[in-house]
Structure formats: C-alpha cells, structure tokens
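FYI, it's all coordinate maths here, none of it is from the lab. Worth saying up front: this structure is predicted, and the values here are computed from it rather than measured. Reconstructed Cβ throughout: ideal geometry from the backbone, glycine too, with neighbour counts over all protein chains shown.
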Amino acid sequence: MAKHKPKKKSPDEPEDAEKKDIPPTEPVRSEEDKTYAKKKLDKLFWLRVGLAVIAGISATFIFEPIEGEERRWTSIAFMIIIFIVSVVIGKAMNPQLPKSDRKKLVTTGIGSYIFIYLFMWILSYTIMHLPSQSGISNPLT
C-alpha cells in the first residue's frame, strides 16, 4: 500500500485560513447590552423570591380543605405553575439575551424559589396549626 505524505503548507499561508471564512455565530454585545440584560435578570430573580414568599404563604390557606397526601402534591403542582408564570413574565421582560444564555430565563433563581416557597409554606402551616397547649399564642387566629 502506498503511503500518502501530508500536504505541506506554504509558510505564507496561515494555518487557520479555513476558520477565518466562518462568520461568528453570535453578534458582539456591548457593555451597555450586558448591563441591561443583567438588570433584567436581577429583577427576575427578585420577582421569583417575592412570588415564592407569597405563593408559599397562600398555599397554606388555599389548600387547607384538602387532606393528606393530596395537599402536598397539590401544593407542589401550584409551586410549578407559579414558576411557569414567572418564566412567561421573564420572557415578557425581554432581557435581550444571546441564544447561548436563553436558559438563564429558567435557571435564574430556581433554587431560591423552591427553597423559599417550601420554607414559607412549612412556616405558615406550622404557625397556623400550633397546639393550644404549647403556651405560644397563634397570631393569625
């Protein structure tokens, strides 16, 4: 079998000549655009924190008549629905993110949202259902 020698490049031909013909896939963003997007993502984060507090507390009162396991799963479904609403609100805010950062609309503040929602739901439920013998008065009754 014949061996082929690799093609030698001339010294005046750049190595990345093929790569230079490919246009960039994303437009170059200015600092002003980056700052605008960061401010919008910060607003989205704090919106989700606020929604988590409100939804966690309201879940205690909304799902009071439901008993047992159904209450837990209904509250979790409620949490997911409110989060999807926040994603729609985030898209409506139009943060002008590049295509590579589009997932930030979903991932921004998701951990804080989940844990604050659960914390507020558990805290408000515990306060509402304090036993009367504990010596602690219930401020909501």
- prompt: Between region 100-123 and region 56-85, what is the C-alpha centre distance in whole Å?
  reply: 16 Å
- request: Quick one: dipole size for region 30-129, taken about the Cα centre, charges +1 on Lys/Arg Cβ and -1 on Asp/Glu Cβ, in debye to the nearest 20.
  value: 480 debye
query: Which whole-Hz couplings ³J(HN,Hα) result when phi for each residue of region 82-94 is put into the Karplus expression 6.51 cos²θ - 1.76 cosθ + 1.60, θ = phi - 60°, listed in order with x for Gly and Pro?
result: 5, 5, 4, 4, 5, 5, 5, 4, x, 5, 5, 5, 6
Spacing of the two label points (7 Å from each Cα toward its C-beta) at V49 and I76, in nm: 2.7 nm
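For each of F115, F83, count neighbouring Cβ atoms within 10 Å of the residue's Cβ, then give the residues from fewest to most. Mind showing how you got there, number by number?
Values: F115 12, F83 19.
Listing F115, F83 from fewest to most nearby Cβ atoms yields F115, F83.
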